[in-house]
Structures are given as C-alpha cells and as structure tokens.
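The values are calculated or read from the model by the stated rules, or taken from the named source; none is laboratory data. Note that this is a predicted model, so its numbers are computed, not measured. Methodologically, a virtual Cβ is constructed for each residue, glycine included, from the backbone with ideal geometry; neighbour enumeration extends over all protein chains shown.
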Amino acid sequence: MSTGIQTQEQRATVKQFSCKSCGNALSAIHPRVKQVGCPYCGSLLDARSEEHQILEQLGTPGSHKPFSFIQLGMKARFEGREYYVIARSRWRMNYYEYWSEDGDSGYSKEVWIYDEWLLMDERRTYFYLVEDDDGFWRSDEIIPDSPAMMPEDKQLSFFVKQPLQRVQEFGEATLIYFEGESNYQVAKGEEIEFASYNAGDTYLYEIRKDEDGQMKEVEFFREVAISRRRILEAFEANGAVDQLKETFEKWTFVLQAAGVSFLLMVILAIVAMTGNGREIYRQSVLLSGISEEAPAVMGPIAISEKGLYKLVLQVDMSTVNSDAYVHAWLMDSDKQPVNSVGDNFYWETGYEDGESWTEAQLESSKLFRAEETGSFSASVYASADSEGTVTLILYKGPMMSRYYIIAAVLMAIVAFYANQKRYPY
Amino acid sequence: MFKREFTCPSCGAPLTQTVPGARSLVCTFCGQTSHINADSLKAFGEKKLLIDYGSVFDVGKEGRIGEKSFEVLGCLRFDYDDGFWDEWFVRFSDGEEGWIQEDDGSFVMFMETDEEKGLLPYENAQPGLFVNFSLKWSSVFVTSRSRARVNGGKGELPFRIVPGEKADYAEGIHGGDIISVEYLPSETRIFIGRPIVLTDKALTFATT
C-alpha cells in the first residue's frame, strides 16, 4: 500500500505543440486538457489528438485584449497557494441593472463585457478570477442551503439565515472569445442566464442550457471583490509586474502627498475664510451723521508694515426694511486715496406663504497690499434712509482663502490623476 | 480482515477482493472488468485501463477527511457531454464505505443512503425546479442532470459495472446537502454528499 499521506504527488505535465493555424507555440499544463484556444490567432484546437486539428475560429485576439496585464501562463499567489493562469473566457452581458433614485426605482437595460480568468494550482483545484473595467472578483462555487431562482418580486436569498435581498442584476451572458486550455467543449456563442444580489459579497446563480434550450445545469457562486493592490501582490512573481509595481508605488506616493496637501489646503482655506488677521484699527460713527456731501473722517490709521491688509465696512441698521449705500476711502498722508470699500447694505424681512424671511447685506470687505507705511486716514460717505452705525475696521495679515481653495482643487486633480496612473492596466 | 484471491479471466493476473460486498473487480494489468459470481469471476465488456490524468487519488492510497482516515479501494469513471468525472470508492477506518467524486479539482464526499423507494425518474429531474428525489428526500432543488456512460473502472467496486453502459445522473441540493441519483441499467442508487476541500497535506481533506 502506498503512503500518499506523507508525500504530495506533483505532476507538472506540460503538453506543447504548434498552432495549426498560425504556427505559434502552445502549451497546456493540465493532463485532462481537451481543447486549446490559441491566444495568437484565436483558433480553437483539439488538444487530445496527435494532429491538433483546428475545430473553429473563436474570434480575433486583437479585438478581445485583456483589461489588464494578466496573461495566460502567469503565476499568481492567493491564500498561500501558487496558481497558474490557464484560460480566459470573455463574456458579453445583456442584462438589467437595479437603480434607485429620489424614491423611484427600476431596472435599466445594460451591456457589459467581462473576463473570466481560470486559475489552477498545483493540486489542480481551480477558481475563477472575474475582471472588468471596475476591478476584480474571486468567484467560487457554493452549495446554498436554500437554493432559489429569481421570483417575480425579485427578492432573492440562497441561505436560510440571509435576509431576502433585492436582485441587483439579471440577464444573459454570451461567450464571445476564449483562449487557453479547456477540459470541456468550448462553445462560442454559449449563453448563460444569471441573477445576482449583494449581501456583503455578491451572490449569483448561473443557468446553462442545452442545444434545445432546456435548462441543463444551475450553479451558485459567491464573488468576493479583490483590490487592484492585492492583484498586483498576487502576481508579483511575474517579471512583467515589476514595472507595474514600481509605477504603482511611485503614483501611490504622489497620491498620498497630494491627498495630504489637499487636506492641508482645505484646512488653511477654512482658517482663511473664518479669520481676518490682527485688528489694528476700529472706529464707528452714526449713519445719521454722515452723507455723500459730508463724509466722516476717521484716523489716524497707523500702517507700520508693508503687506496684506483687510479693510472691512460693517453697517448696523436699527430700522428694518431699510438700505444704505456706504463707501469708505482709505487715504495716505497726502490725502490721496489708496484704496476703498463700499456696498449697498440692506436689512429686509417679510412674511410669505406662512413663513417669515430675512435678507441682509451688512458687511463688505476688501483685501489690499500696502506698499507704503505711514499715517493714513479714511473718509466714509453714506446715503441712507435708516438709522444705525457704520464701523470701519482694518486688519493686518489676513490669509488669502482663494489661493488655498485653488491649491486644494489642484491637489484634488493631482490626486485623481495619480490614482488613475497607479493602475496602468 | 476479509480477503479473497481470484485470477483475472482475461490475463490470468492475480486479483484480490478485500470488500465483502464487492461485485466487480477490474484487473490492474489488462483493464478487464469482471463480476464476482460466488467463488469465480466472469469477464464483462471490453478491456479498458483508465487513463491516468494525474488525480491525487489512486487505488491503494490512504487519505483523511477531517478526523477519519480512509483507504481508496476502486474508481469509476463516467463520460458525459461536457467531459468526464471520477468517483473514488473508499472505505473508512470504521468500516463505513463511501464515494469521493472528483471533477476538475472539486471534491464531494458521497455516502449511499438506504432509501430506495419512490426514486425520481430521470425525466422528472428538471433543473431549476424543486422535486421529490425519493420518499425521504423531498423538495430537492435540481441543479443538473445529464446522460452519461460508464467509461471504465479500477480496483474493487460494490456493484456490477460494464464499461460503456448508461449511467445517467441527476443532482440536487437539499438543506446544503448534495443529493445525487445514478441511473444504472440494473438499478438506481441515491447518494447524499457534502463538498470537501483538499488541504496542503496529500490526500487530506477538510469538511466544509
């Protein structure tokens, strides 16, 4: 009696032959291989006969390029086990996708393309790696304890302890291309029906039919999302992935730097928007005491340093539903205006459709850069039908929020770009 | 331990029966299938040695499922439209016998049930519907059915097989169990199974 428990038998069988159509070298590592789809010319060849005759044309490989860097023959490590990529099936889905928006919901008709990579380990156990433009999923067959087909209300669950879930997608998928090795009869144009729902992972059933359209088989699967980073790690043994990893790490660094910078810019923008700087002058006058012809003169205002300043005009109206035009000129020691701030100020309230409303404009400001130092003054003109006070304030060293906002937007663009560049596949 | 020696009626090679209930022996040397009749062997069908496709199993190997160890006694290979699958006949250390279905890297441990009444006709096993597989196994969700044939065998087998004869099957799910009905020319048998997972240790499986 043999001692199979002590030694794991490894049979690294490789069948090699040339494509009858294009002459390229083909290989198959599974001893049960029945057919091989040539990835160079798209011919399907009989792998079991000595002649390896051409069975059919499956399509043009150039029209069905993989979504990513993954290729037949690559090695990948998942959960500590080494797998080989031995086949790829491309499917076109015609399906209905659930949508929900603003209280409405329904199913929209969609078309989608995806690949199924078949990965086999040294013990010849398999799993499918599903790939599309959105990412990767590991697909494993499951045996549910409460199998079901999609009912009319489209609420589905395969497990007794899993609440019913809304079917997210259902429809058909057609095999449009195949490359690699298969133990079964590859049938281009083969159709499956499916329905899926989400409950943490994605659960779905697939129905295969025979030539007469009769249901032949129902299989249940669970699909678990795999991140692109994890995919890169799994395939890192392949030389072709080195450059991708380098690119990934470089752009990940850019992404992280841009992300941190973005957050910093947002914080600074918020600080800039809510802070005025250091107050160096403040004076209030009654609105009734000034007019367009007789301005209030304020000062002296000492500006001892060149730099950024913020001139603020605040109007405090004591009468509701009134307005005032107020303008303040900042003047140098020669009484020459160097800057100004002004606006139409108003305070209005009302009652409409059972609700009261208030609108007001009570403050205006202007940033300016002082190029000279010295003693300044201000003249404040007003045209008002309201009682109240006007306050002129000068702050030193305010922050320019708009620059931070622009910088934050730029960083967000850089981060988005870097995230796209991280995955050059 | 039960043991009976025979001679292959085709090539004269020595054959050993270790399972008291074995009904067929397949010669390791020439591939002749023989039925056990009292104290003699009678050859049936063409000689056929199963092609070795690199299975982790082989007749005579020992393995383990969870805490139970088993010995591989025989193998049956079935052909169907999409390919073939193997059923390995095993005997556990407690004397219980069962089948491990091997199909493209997936494995299911099947035990035959005593239930043999009211078995579902093949024609009524419509995938996607809930049907009664037997009096005991009612409301089973049918997952597949297919016309199949016995490709050949290996070692000791508990029923009489003839390579090439029909062996249609229907499979379903009931409460997480896999229910399988095999429609052989002489009898219909029903099995209950659960998937098992090959671990990193040779021929050692974990239950799911």
Would you be able to say whether some residue in segment A:369-380 is over 30 Å from A:Ala269 (Cα atoms) and either loosely packed, with under 13 Cβ neighbours inside 10 Å or at pLDDT below 90 (or both)? yes
Return the residue satisfying two criteria in turn: it lies in segment B:62-81 and is buried (at least 18 other Cβ atoms within 10 Å of the Cβ) and of a type in the set (Lys, Arg), and of such residues it is farthest from the other protein chains (Cβ to nearest Cβ). B:Arg77
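Results for (1) more than 11 Å from chain A (Cβ to nearest Cβ); (2) without any contact (Cβ under 8 Å) to a residue 40 or more places away in the chain, shown as yes or no for each residue.
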{"position": "B:Ala22", "(1), (2)": "yes, no"}
{"position": "B:Cys30", "(1), (2)": "yes, yes"}
{"position": "B:Ala43", "(1), (2)": "yes, yes"}
{"position": "B:Asp52", "(1), (2)": "no, yes"}
{"position": "B:Gly83", "(1), (2)": "no, yes"}
{"position": "B:Ile100", "(1), (2)": "yes, no"}
{"position": "B:Val108", "(1), (2)": "no, no"}
{"position": "B:Asp114", "(1), (2)": "yes, yes"}
{"position": "B:Asn124", "(1), (2)": "yes, yes"}
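When you scan segment A:137-152, do you find a residue that is more than 14 Å from every other protein chain (Cβ to nearest Cβ), under 32 Å from the mean Cα position of the chain (by Cα), surrounded by fewer than 16 Cβ atoms within 10 Å (Cβ to Cβ) and part of a strand (DSSP E or B), even just one? Give the derivation first.
So the first thing to find is which residues in segment A:137-152 are more than 14 Å from every other protein chain (Cβ to nearest Cβ), and the list is A:137-138, A:152.
After this cut, where a residue has to be under 32 Å from the mean Cα position of the chain (by Cα) as well, the list is A:137-138.
When the remaining residues are screened for being surrounded by fewer than 16 Cβ atoms within 10 Å (Cβ to Cβ), the result is none.
Scanning segment A:137-152 turns up no residue that is more than 14 Å from every other protein chain (Cβ to nearest Cβ), under 32 Å from the mean Cα position of the chain (by Cα), surrounded by fewer than 16 Cβ atoms within 10 Å (Cβ to Cβ) and part of a strand (DSSP E or B).
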Take B:Ser93 and decide whether it is surrounded by fewer than 21 Cβ atoms within 10 Å (Cβ to Cβ), closer than 22 Å to B:Val19 by Cα and either within 12 Å of the chain's Cα centre (by Cα) or within 14 Å of chain A (Cβ to nearest Cβ) (or both). yes
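How many of the residues in segment A:181-191 are within 14 Å of chain B (Cβ to nearest Cβ) and at pLDDT 90 or above? Show your work before the answer.
Residues of segment A:181-191 within 14 Å of chain B (Cβ to nearest Cβ): A:181-187, A:190.
Subsequent filtering for residues that are at pLDDT 90 or above retains A:181.
Number of matching residues: 1.
Which one is surrounded by the most Cβ atoms within 10 Å (Cβ to Cβ) among residues in segment A:209-231 that are outside any strand (DSSP E or B) and within 12 Å of chain B (Cβ to nearest Cβ)?
Within segment A:209-231, the first condition is being outside any strand (DSSP E or B), and the residues that meet it are A:210-214, A:227-231.
Now narrow it down to the ones that are within 12 Å of chain B (Cβ to nearest Cβ): A:210-211, A:214.
On the way: A:Asp210: 12, A:Glu211: 8, A:Gln214: 10.
That would be A:Asp210.
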Do we have A:Ser284 as surrounded by 13 or more Cβ atoms within 10 Å (Cβ to Cβ), in a strand (DSSP E or B) and of a type in the set (Gly, Ala, Ser) here? yes
Residue under evaluation A:Arg166, criteria (1) surrounded by 15 or more Cβ atoms within 10 Å (Cβ to Cβ); (2) away from every other protein chain (no Cβ under 14 Å), criterion not met: (1)
Only one of B:Asp58, B:Asp86, B:Asp52 is in contact with a Lys or Arg (Cβ under 6 Å, 6 or more places away or on another chain) and either in a strand (DSSP E or B) or modelled with pLDDT under 95 (or both). Can you tell me which? B:Asp86
With criteria (1) among the polar types (S, T, N, Q); (2) in contact (Cβ under 8 Å) with a residue 40 or more places away in the chain; (3) surrounded by 14 or more Cβ atoms within 10 Å (Cβ to Cβ), A:Asn94 comes up short on (3)
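With the structure loaded, tell me whether A:Phe178 is in contact with a strand residue (DSSP E or B) (Cβ under 9 Å, 6 or more places away or on another chain) and more than 30 Å from A:His52 (Cα to Cα) or whether it fails that test. Quick ask: steps written out before the conclusion?
Numbers: in contact with a strand residue (DSSP E or B) (Cβ under 9 Å, 6 or more places away or on another chain): yes; more than 30 Å from A:His52 (Cα to Cα): no.
Criteria not met by A:Phe178.
To keep it simple, each residue is scored yes or no on (1) closer than 14 Å to B:Thr143 by Cα; (2) modelled with pLDDT of 90 or more; (3) out of contact with any Lys or Arg (no Cβ under 7 Å at 6 or more places or on another chain); (4) crowded, with 19+ Cβ neighbours inside 10 Å.
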{"site": "B:Ser180", "(1), (2), (3), (4)": "yes, yes, yes, yes"}
{"site": "B:Glu187", "(1), (2), (3), (4)": "no, no, yes, no"}
{"site": "B:Phe191", "(1), (2), (3), (4)": "no, yes, yes, yes"}
{"site": "B:Leu198", "(1), (2), (3), (4)": "no, no, no, yes"}
{"site": "B:Lys201", "(1), (2), (3), (4)": "no, no, yes, no"}
{"site": "B:Ala206", "(1), (2), (3), (4)": "no, no, yes, no"}
Near pairs, Cβ below 8 angstrom, 6+ apart or cross-chain, from segment A:149-162 (closer than 18 Å to B:Thr143 by Cβ) to any residue that is surrounded by fewer than 11 Cβ atoms within 10 Å (Cβ to Cβ): A:Ser157/A:Pro163
Given the conditions (1) assigned by TED's automatic domain parsing to the domain that holds A:Val390; (2) out of contact with any Asp or Glu (no Cβ under 6 Å at 6 or more places or on another chain); (3) of a type outside the set (Asp, Glu), every one holds for A:Thr319 apart from (2)
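Specify which of the listed residues (B:Phe110, B:Phe141, B:Phe78) is out of contact with any Asp or Glu (no Cβ under 8 Å at 6 or more places or on another chain) and under 30 Å from A:Ala148 (Cα atoms). Write out each step before concluding.
Details: B:Phe110 fails: out of contact with any Asp or Glu (no Cβ under 8 Å at 6 or more places or on another chain); B:Phe78 fails: out of contact with any Asp or Glu (no Cβ under 8 Å at 6 or more places or on another chain).
That would be B:Phe141, the only listed residue that is out of contact with any Asp or Glu (no Cβ under 8 Å at 6 or more places or on another chain) and under 30 Å from A:Ala148 (Cα atoms).
Can you say whether A:Phe127 is under 32 Å from the mean Cα position of the chain (by Cα), of a type in the set (Phe, Trp, Tyr), away from chain B (no Cβ under 14 Å) and part of a strand (DSSP E or B), as far as the supplied structure shows? Talk me through it step by step, then tell me what you get.
Values: under 32 Å from the mean Cα position of the chain (by Cα): yes; of a type in the set (Phe, Trp, Tyr): yes; away from chain B (no Cβ under 14 Å): no; part of a strand (DSSP E or B): yes.
Judged against the criteria, A:Phe127 is not a match.
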Quick one: which strands (runs of 3 or more DSSP E) sit completely within segment A:42-115 and have at least 2 residues that are in the same structural domain as A:Val224 (by TED's automatic domain parsing) and in contact with a helix residue (DSSP H, G or I) (Cβ under 6 Å, 6 or more places away or on another chain)? A:75-78
I'd like the full set of residues that are within 14 Å of chain B (Cβ to nearest Cβ) and surrounded by fewer than 19 Cβ atoms within 10 Å (Cβ to Cβ), limited to segment A:153-163. A:Ser157, A:Phe159, A:Val160, A:Lys161, A:Gln162
